[in-house]
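Here the structure comes first, spelled out in structure tokens, and everything after it is commentary.
The values are calculated or read from the model by the stated rules, or taken from the named source; none is laboratory data. The shown structure was predicted, so the numbers you read here are calculated from the model rather than taken from an experiment. Cβ coordinates were reconstructed from backbone atoms using ideal geometry, including for glycine residues, and neighbour counts include every protein chain displayed. Note: accessible area is taken over every heavy atom of the protein model, side chains too, but ligands, DNA and RNA are not part of it. Shrake-Rupley method; radii C 1.70, N 1.55, O 1.52, S 1.80 Å.
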Amino acid sequence: MLKKIARKFVFPLALKSGVTKILNKFSNHQYMILNYHGVVEKEDPQISANHMSVKQFGDHIKYLSDNYRIVPLEKIVEEIKLGFNPPKKTIAITFDDGYENNYQFAFPILKKYNVPATIFITTCYTDTQNILWYDELDFIKNYINVAEINLNEIDLRQTLKIKTLSSISALKNLFKELIPEEKMKFLKWLKTKFEIVSDKENINPQFWKQLSSKQIIEMRDSGLIDFGSHTVNHPNLNLIPTLNIQKELVESKRKLEAITQLSITSIAYPDGAYDDEVKLLSKEAGYTALFAVDYKCLTDNVTNGIFKRFSISNTTTFESVMLQISLAFNKSGH
């Protein structure tokens with residue numbers, strides 16, 4: 001009840017009062033990088049919590065462009081490294097995964113307000129009708145009884161950290177440890193065991209379809225959108241073997257460069273997962289700007305080329321998010 005009252009009355013009044021400007025003054029950080037995922041005509045948390053409505057995203061961009069300085073990600077990285085003192089609080093907009101809805105619904109809004117953005121693409125799914133593994137797992141999770149899963153019935157690596165399953169959350173965490181072939185094998189096994197018909201034609205493609213090369217090129221040519229890697233298959237890089245890490249880093253970079261005809265030097269780590277080995281291999285692969293969510297290593301700082309981002313909630317109100325952004329400059333800003 002208190003949360004409902006706050007969202008309906010307190011947060012809107014606070015935003016109208018200009019409290020965000022006061023909050024911004026109390027933060028020593030001048031920069032923040034925002035992380036979105038998808039924009040759809042109408043959100044549906046029962047399908048996916050990763051996608052917000054067109055209306056809400058439009059409200060976000062209008063408010064942000066009116067109240068902050070928005071610059072390309074490359075510029076924000078350069079200014080942070082140089083110790084530049086911006087004229088006002090400065091943000092960059094990023095998207096993870098590379099959903100087609102970024103082109104269909106986010107791109108027109110970004111053009112309307114002349115706001116730049118960077119899209120980090122999971123390259124395995126570009127130009128395909130395939131579904132990201134974690135989206136497909138979300139689509140079928142309600143049909144799965146975790147108590148009936150015996151991991152000894154499926155041949156997975158013996159080095160996995162998770163040996164037993166107690167919940168859907170534990171199942172998702174297990175998937176994060178698997179290499180692509182194991183993920184596909186396990187998904188097929190789950191659908192067979194629980195007699196699940198995973199028919200993507202019954203799920204609005206706005207929630208799963210990925211960008212095409214043609215759409216990427218059109219956005220590139222606008223001068224507003226640039227691109228970075230989100231790996232090939234969206235693994236948790238710190239949980240898979242070294243050779244698989246290298247493959248994810250190198251092949252995603254190579255494919256994006258072939259599509260965009262640009263040098264791809266930035267990567268956003270799927271699930272915000274990495275460690276010192278992943279950072280080292282990223283730099284060896286040619287990435288100079290690495291993007292996390294929260295820092296995880298003692299060696300993490302902008303001088304080492306790694307940057308925190310603030311993930312935008314798709315499950316709360318516009319006013320709540322704008323207040324959260326002001327508060328987040330202290331923890332998630334630079």
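Are any residues in region 47-64 open to solvent by 20 Å² or more (accessible area, probe 1.4 Å), without any contact (Cβ under 8 Å) to a residue 60 or more places away in the chain and either under 30 Å from Phe139 (Cβ atoms) or touching a helix residue (DSSP H, G or I) at 6+ places or on another chain (Cβ under 6 Å) (or both), and if so, which ones? Steps first, answer last, please.
We begin by selecting, within region 47-64, every residue open to solvent by 20 Å² or more (accessible area, probe 1.4 Å); these are 47, 49-50, 54-56, 59, 62-63.
With the extra rule that they be without any contact (Cβ under 8 Å) to a residue 60 or more places away in the chain, the set shrinks to 54-55, 62.
If the condition is that a residue be open to solvent by 20 Å² or more (accessible area, probe 1.4 Å), without any contact (Cβ under 8 Å) to a residue 60 or more places away in the chain and either under 30 Å from Phe139 (Cβ atoms) or touching a helix residue (DSSP H, G or I) at 6+ places or on another chain (Cβ under 6 Å) (or both), then Val54, Lys55 are the ones that fit.
Among helices (runs of 4 or more DSSP H) entirely within region 130-221, having at least 1 residues that are hydroxyl-bearing (Ser, Thr, Tyr), within 30 Å of Val115 (Cβ to Cβ) and under 24 Å from the mean Cα position of the chain (by Cα) singles out 133-140, 213-221.
Between Lys88, Lys141, Lys112, the distinction of being open to solvent by 10 Å² or more (accessible area, probe 1.4 Å) and touching a Gly at 6+ places or on another chain (Cβ under 9 Å) belongs to Lys112 only. Within the span defined as region 287-301, every residue fails to be over 19 Å from the mean Cα position of the chain (by Cα) and either part of a helix (DSSP H, G or I) or of a type in the set (Gly, Ala, Ser) (or both). State yes or no: is Ala147 of a type in the set (Gly, Ala, Ser), over 18 Å from His37 (Cα atoms) and open to solvent by less than 20 Å² (accessible area, probe 1.4 Å)? Considered against the rule, which asks whether it is of a type in the set (Gly, Ala, Ser), over 18 Å from His37 (Cα atoms) and open to solvent by less than 20 Å² (accessible area, probe 1.4 Å), Ala147 comes out as no.
The set of residues from region 72-83 being at pLDDT below 95 and open to solvent by 90 Å² or more (accessible area, probe 1.4 Å) comprises Lys81, Leu82. Among residues of region 65-82 that are touching a residue at least 40 places away in the same chain (Cβ under 8 Å), those with a Cβ under 7 angstrom from a residue that is of a type in the set (A, V, I, L, M, F, W, C) and surrounded by fewer than 17 Cβ atoms within 10 Å (Cβ to Cβ), sequence gap 6+ or separate chain, pair up as Ile80/Val302; Lys81/Val302.
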